[in-house]
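Colleague: Would you mind keeping the following structure in view while I ask a few things?
Readers should treat all values here as calculations from the given coordinates under stated rules, not as data from a laboratory. Quick caveat, the model's predicted, so the values are computed rather than measured. Here the Cβ is made from the backbone with ideal geometry for all residues, glycine too, and neighbour counts use every protein chain on show.
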Amino acid sequence: MVDRPVILEMRSITKEFPGVKALSDVSIAVRAGEVHAICGENGAGKSTLMKVLSGVYPFGTYEGQIVYQAEEVRFRDIRSSEAAGIVIIHQELALIPELSITENIFLGNEPGRGGVINWKEAKKRAVQLLARVGLRDDPDTLIKDIGVGKQQLVEIAKALNKDVKLLILDEPTAALNENDSQHLLDLIVGLKGKGIASIMISHKLNEIEQIADSITIIRDGKTIETLDVRGGDVNEDRIIRGMVGRSLQSRFPDRTPHIGEVFFEVRNWTVQHPLVTERLVCKNESFTVRKGEIVGFAGLMGAGRTELAMSIFGRSYGNFVDGQVFKDGKEIQLRNVSEAIDHGLAYVSEDRKSLGLNLLDDIKRSVVSAKLGKISRGQVVDDFKEHSIADEYRKSLRIKTPTVDEGVSKLSGGNQQKVVLAKWMFTDPDLLILDEPTRGIDVGAKFEIYGIIQQLAAQGKGVIVISSELPELIGLSDRIYTIFEGQITNEFTSAEAEPEMLMKSMTSTSKKAEAA
Amino acid sequence: MSGFSDVKKIFGGGTTSTARQAGILLSLVAIVLVFQFWTNGLTLTPGNLIAVVNQYSYILILAIGMVMVIIAGHIDLSVGSVAAFTGIIVAKAMADFNLPWPLAIVLGLVVGALIGAWQGFWVAYVGVPAFIVTLAGMLIFRGGNQYIGAATAVPVPEGFTAIGAGYLPEIGPDTGYNNLTLVLGFLAVVALAWREWRARRTQAEMGSETAPVWVSIARVVIIGAVVLYAAFLFAGGRVGTSFPVSGLILVALVIAYSFLTRNTIIGRHIYAVGGNSHAAELSGVKSKRVNFFVMMNMSILAGLAGMIFIARAGASGGQDGNGWELDAIAAAFIGGTAVAGGVGTVIGAIIGGLVMAFLNNGLQLVGAGADLVQIVKGLVLLLAVAIDVYNRSQGRFSIIGIFRPKRRSGPSDQTPTPTTGTPDTAKPGAVTVNN
Ligand SMILES: Nc1ncnc2c1ncn2[C@@H]1O[C@H](COP(=O)(O)OP(=O)(O)OP(=O)(O)O)[C@@H](O)[C@H]1O
Ligand SMILES: [Mg+2]
């Protein structure tokens, strides 16, 4: 491995934003045909480094040198880096939901003559490209009608169409379930065999261990070290030590649960799909939450976990058909979100960019936005309280920012997630529903967030955690419900829960006895 | 370099949107000064200033409502027609039914509210885009105005004209000035100083960085001097004139709506809905109500503007309010409002409106025809928004940066090195608009 030629070298890259030095003197070297991982905590500068490489931040806005295929390159924009064969797939997907797979793949690159698109040719090539990434879908399908996993593959197909030599993937598996993730990782390895090198950013260290040939670790905008995975004994703990500067004893904080009586109960919850009314997304689901309990919802993507949570949270998804909600023994009505908030519910969405945050807003306003009444006299918001409360959360959640007056759009992905968490903790809920709360969060911060979840439970609140990472659910929950196709199939205590058993209940309606 | 960012703070206050306002404020000052020289001092005379206020107060009132509509992610094309429609109803009510003028004003506001409720209903509860609803409204209410007025001018009575053509009374000793205007000017300066002092105190309590004391003093002295100078100009006009009543109404509305948008829950909700309506709804914001409110509020203000206009003109006619929507929208955009919603301020829109007003006025003073005035106004709108878009794409705000001797490429040169102990001079919000 070491003897392969270096195809890309970034030398002493320094990138400043007003008031923030995101990168200082970072260097990395990528060899031909390798998978090079970049690891680091939230806000370490990983995405920024990749944006420098791909021309999102053009030459002149950073200091340092990029040498690609033995020549210094100065990209003006993404197009010029793509022309050189460097294609970036961003942390947030950039496909257009209303267009078909074919249209998306060829967007900006349409085959044809004189401005007239040759659709026959396009479709033919689309089918070939889809085959290369292992997709057999009709290329006329609209992007919004396929799952995120497949969307990610379409992104790669799009990159392949551009004759990619170096593929950059910024947290490609963050929104994928285990199957889809595995498929994607296999694909990346497959591309490597065809001579396409990849740079991959991920917080899922097991994936990195699995496919990376070398790893560059960045901390606080500086290169810490480069590890040669194939050459030596690099494991997750070793990576973590590099990332956070110390080793992490365990992945979950210690906890002795103190579980009280049932205080929240949902009975016979039935909800229709918002557009296709014949389709039920929740079929007669019932569950309970006890005081001080952490309840996990396990299920594959598309099983209806988010739909269940959102429809309970003030009917913010689908058409309500039937069902009752009880809190502290009394039936409650949750007809809209503000009623749900008033009844002490909070829902942290899995999709922070489009459902969790107003990206035009600053941190302090975002933190208080779900319960403005709490810091207002009459209708007037108290700026002073707003600032001091936001600042407390900045400290307690260790949100990486110089000040809470900063816009949330300038935070790194993981730190945005912490702002969303702060926003809902501020509403002081009795029942906190967390939908994929650690998506895109680094190991250290995950540990902190688990700690926060456990603290909330220790205060006697109920917590529901929806997660696609089974180890996380098993490590965190006192009880786990499995959901399959809009139905709750089983219930496991933490002592019983094991990945294989859960998986069975997540993929069929078989009862526990049969599953076990 | 840190000194420079302090200088910026005199007008910039530190936050992103105020930094944008500072830029447009500088342009306003530049325009006024250019015309002051070009017209040999005619621009800043009592008579001319009073005329500008009289002529543009109703446009600026519309700009207040418009910026809120745009922040929420909509647009209102109907304001000119709504103003005309309200005007004719109010004029008719007074002329044909002898309605006393104070009641007529209430009637006008009610008519505005009803129209607003109509448009708000379609926008918020049916979900028809505001562009369409108000395009329809533009036709409907223009037609309504002409139907009711039967294409003739309807005069308005004496007492009513005060809101459009009235002045403060002359009271107290004969100082050669209008005393009330001077008093108001002094009060404004006191209020300014008090606000500055309070802002510093809260900042200190919050433990957040405060700008050096001299910045605050400079700000109060400079703005205070401008206010006093304006007060003396307004007070020193022809006997019987002063700061116009319509201007007073405008100032009161600007203060009230600035407070509403900045410091109240409904204000926050308007920004939230415009910034990301899905996220806002999932935070418990009732976005339909917010949309209804901004549309309704706009029509009430349009009704008010229409009444001020007919009071000034002395009669209501069929061409009243033609093209006002464009002036109001232009004011909002020149004042830094984002086209896609979510960003903007009332004070920014007012400054934007004043830029248009002084351009118009100055060009007329130098004898340019209406044709040329329109061309210049169009170009200024384009230029102002283009500069804003450019700055945003560069991740910075830099009207001031343009005047700097050397510009390195890239935003990194915008990071001032703090030299005065506190890290506040490096506060990114003061120099970027990239949020
Ligand atoms: N446009 C911007 N303006 C100002 N600061 C920024 C901007 N973009 C990023 N930053 C800052 O630069 C630092 C690095 O951010 P970056 O997005 O590269 O982190 P990251 O390593 O990708 O983190 P994550 O794992 O959370 O995605 C952060 O402190 C962030 O706040
Ligand atoms: Mg990132």
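Colleague: Which percent of the Cα-Cα distances in region A:386-516 go past 22 Å?
Modeller: More than 22 Å apart: 45 percent of the Cα pairs in region A:386-516.
Colleague: Taking region A:61-110, which GluC sites (Glu not before Pro) meet the DSSP loop condition and have no more than 10 other C-beta atoms within 10 Å?
Modeller: A:Glu98
Colleague: Whole number please: convex hull volume per residue, Cα atoms of region A:6-244, in Å³.
Modeller: That works out to 129 Å³ per residue.
Colleague: Let me ask something else about it. I need the Debye-formula profile for region B:226-279: one equal scatterer per C-alpha, no solvent, reported as log10 I(q)/I(0) at q = 0.15, 0.23, 0.26, 0.29 1/Å, two decimals.
Modeller: Results for region B:226-279 at q = 0.15, 0.23, 0.26, 0.29 Å⁻¹ read -0.61, -0.88, -0.98, -1.06.
Colleague: Kindly provide log₁₀ I(q)/I(0) values, in the same order as q = 0.11, 0.15, 0.20 Å⁻¹, from the Debye equation applied to equal alpha-carbon scatterers of region B:125-273.
Modeller: Each listed q corresponds, in turn, to -0.76, -1.02, -1.22.
Colleague: In nm², what is the average projected area of the convex hull enclosing the Cα atoms of region A:1-115?
Modeller: 9.9
Colleague: If you don't mind, there's one more thing I want to ask. Kindly state, to the nearest 0.05, the FRET efficiency for A:His258 paired with A:Val380, given R0 = 45 Å and r defined as their beta-carbon distance.
Modeller: So, using R0 = 45 Å, E works out to roughly 0.70.
Colleague: While we're looking at this one, here's another question. What number, in nm² with one decimal, is the all-direction average of the projected area of the convex hull of the alpha-carbon atoms of region B:167-243?
Modeller: Averaging across all directions leaves 5.6 nm² for the Cα convex hull.
Colleague: Using only C-alpha atoms and all pairs of different ones, pull out the Kirkwood radius for region A:216-268 in Å with one decimal.
Modeller: 14.9
Colleague: Given B:Val190, B:Ala211, B:Val239, which one lies farthest toward the positive end of the charge dipole of region B:167-243, if we put +1 on the Cβ of every Lys and Arg and -1 on the Cβ of every Asp and Glu?
Modeller: B:Ala211
Colleague: What number results when the radius of gyration of region A:357-428, computed over Cα atoms, is divided by 2.2 N^0.38 Å?
Modeller: Normalised Rg, Cα atoms only: 1.00.
Colleague: What angle, in degrees between 0 and 90 and rounded to the nearest 10, separates the Cα long axis of helix A:383-396 from the longest principal axis of the Cα atoms of chain A?
Modeller: 70
Colleague: Can I ask one more? So for region B:192-332, considering every pair of alpha-carbon atoms, how many percent are separated by more than 24 Å?
Modeller: When every Cα pair of region B:192-332 is considered, 57 percent fall beyond 24 Å.
Colleague: Cα convex hull of the protein assembly as shown: how many Å³ per residue?
Modeller: Cα convex hull per residue, to the nearest whole number: 203 Å³.
Colleague: Work out the length of the dipole vector of the protein assembly as shown about its Cα centre, built from +1 on the beta-carbon of each Lys and Arg and -1 on the beta-carbon of each Asp and Glu, and round it to the nearest 20 debye.
Modeller: Approximately 1560 debye in magnitude.
Colleague: Using only alpha carbons, build the gyration tensor for chain A and give me the equivalent ellipsoid semi-axes, biggest first, whole Å.
Modeller: Equivalent ellipsoid semi-axes, largest first: 39, 28, 23 Å.
Colleague: Please compute the average number of Cβ atoms from other chains found within 10 Å of each residue's Cβ in peptide A:336-343.
Modeller: 3
Colleague: Once you charge only the Cβ atoms, +1 for Lys and Arg and -1 for Asp and Glu, what is the size of the charge dipole of region A:357-428 about its Cα centre, to the nearest 20 debye?
Modeller: Here region A:357-428 has a charge dipole of around 220 debye.
Colleague: Give the calculated FRET efficiency between B:Phe186 and B:Asp371 to the nearest 0.05, with a Förster radius of 41 Å applied to their Cβ-Cβ distance.
Modeller: 0.45
Colleague: Taking the Cβ-Cβ separation of B:Ile222 and A:Glu278 as r and a Förster radius of 51 Å, what is the calculated FRET efficiency to the nearest 0.05?
Modeller: 0.15
Colleague: Can you compute the modelled spin-label distance between A:Gln210 and B:Val106, with each label point 7 Å from Cα toward Cβ, in nm?
Modeller: Computed distance between label sites A:Gln210 and B:Val106 equals 7.4 nm.
Colleague: Something else about it: How long are the three semi-axes of the equivalent ellipsoid for region A:230-387, computed from the Cα gyration tensor as the root of 5 times each eigenvalue, in whole Å, largest first?
Modeller: 33, 26, 19
Colleague: Can you compute the equivalent ellipsoid semi-axes for region A:161-309, i.e. the square root of 5 times each eigenvalue of the Cα gyration tensor, sorted largest first and rounded to whole Å?
Modeller: 39, 26, 11
Colleague: Restricting to region A:6-244, compute how many DSSP beta bridges are antiparallel as a %, nearest 5.
Modeller: That works out to approximately 60 percent antiparallel.
Colleague: Mind putting a number on the dipole of region A:368-516 about its Cα centre? Charges go on the C-beta only, +1 for Lys and Arg and -1 for Asp and Glu, and I need it in Debye to the nearest 20.
Modeller: 360
Colleague: Quantify how strongly other chains surround peptide A:230-236 by giving the mean number of their Cβ atoms within 10 Å of each of its Cβ atoms.
Modeller: Mean partner-chain Cβ count within 10 Å for A:230-236: 0.
Colleague: On to the next question. Taking every DSSP beta bridge that has both residues in the protein assembly as shown, what percent is antiparallel when rounded to the nearest 5?
Modeller: Taking every DSSP beta bridge within the protein assembly as shown, about 60 percent pair in antiparallel fashion.
Colleague: Ignore the peptide's own chain and count Cβ atoms of other chains within 10 Å of each Cβ in A:401-408; give me the average, rounded.
Modeller: So the per-residue partner count for this stretch is 5.
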